[in-house]
1. Which cross-chain or sequence-distant (5 or more) residues have an amide H under 5 Å from the amide H of Gly135, H modelled 1.01 Å from N in plane?
2. Over what distance in Å are the Cα centres of segment 148-169 and segment 187-217 separated?
3. Counting pairs of alpha carbon atoms under 8 Å apart in space and at least six apart in sequence, what relative contact order in percent does segment 96-226 give?
4. Tell me, what ³J(HN,Hα) does each residue in segment 141-147 have, in order and in whole Hz, if you take phi through Karplus 6.51 cos²θ - 1.76 cosθ + 1.60 with θ = phi - 60° and put x for Gly and Pro?
5. Would you work out if segment 91-227 is rounded, prolate or oblate? Take a ≥ b ≥ c from the square roots of the eigenvalues of the alpha-carbon gyration tensor; rounded if a/c is under 1.5, else prolate when a/b is larger than b/c, oblate otherwise.
6. Once Rh for segment 152-227 is found with the Kirkwood sum over Cα pairs, what is the Stokes-Einstein diffusion coefficient at 25 °C and 0.890 mPa s, in µm²/s?
7. If you rank Phe198, Phe128 by fewest surrounding Cβ atoms within 10 Å, what's the result?
8. Determine ³J(HN,Hα), in whole Hz, for all residues of segment 126-136 in sequence, where each value follows from phi through the Karplus function 6.51 cos²θ - 1.76 cosθ + 1.60 and θ = phi - 60°; x replaces Gly and Pro.
Amino acid sequence: MRFYVLIPAALLGLAPLACGGSDPEPNDPSQMQNQYGASNQYPPGQYPPGQYGQPTQPGQYQQPTQPGQYQQPTATPAPAPTQPAGQAGTSTGQATAIAPAAAAAATPVLTAMAASEVQGMQPEGSAFAGQFQDGQTLEQPFNIQAGKCYSVIGVGLGVQELDLQIVAQPAPMLPPVVLAQDSTTGPNATLGGKGQCFKNPLPVGGPAKAIMRVRGSGVAVAQIYVK
């Protein structure tokens, strides 16, 4: 009789060991975090500053404090715009004055034009010449005398169009006045040819200048004539 009573008592003594104990369950997430030293002092999704490339501003990362972390990206400057190759602009201003001898190739043409266009007239001063870029001008000052008649002949080498003007400068503070200009086209020009020279209508003379203006680029030479 005692034999059957002792067996249940032994089983009852083992029941607390089977139902409870101090060891944690192996799959408890909270116990695993504590086991590996994870900290719960930062909210979910945040990390201590300076680690894991935490962004401080949009598109930036903190300077790394330990090897293996992200470095702060550096901005790459945009390339400067460049002008398309082969695109040439129109120049303005004064042409480069050169000695008339440098335009000696134009001398035969200038002489032939003078014999045809300004018969009976004499050169006023010396010829003037220049090295031109498109749109540039070259001026030759002279004095218009009372009752005199003036013409200008010009020859261009390599240029597309040569234009001639006679301009008066009434006073330093007043704009120049165009007295005459050529009506020809092409690299050679005549102002006041064939007896149509510009005659000063005033009884007094004054300062003036002959102006060459060129389209295209090259060398041009001109001569003023008077009678």
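1. HN-HN under 5 Å from Gly135: Val214, Arg215, Gly216.
2. Taking the Cα centre of segment 187-217 as reference, the centre of segment 148-169 is 6 Å away.
3. RCO, segment 96-226: 41 percent.
4. x, 7, 10, 7, 9, 5, x
5. oblate
6. Answer, rounded: 186 µm²/s.
7. Fewest-to-most Cβ neighbours within 10 Å comes out as Phe198, Phe128.
8. 9, 5, 10, 9, x, 9, 10, 10, 4, x, 7
Every number here is computed from the coordinates shown, using simple stated rules; none is lab data. It should be emphasised that the depicted structure is a prediction, and the values quoted were computed from it without experimental measurement. Because the Cβ atoms are built from the backbone with ideal geometry, glycine has one as well, and the counts that use them run over all protein chains shown.
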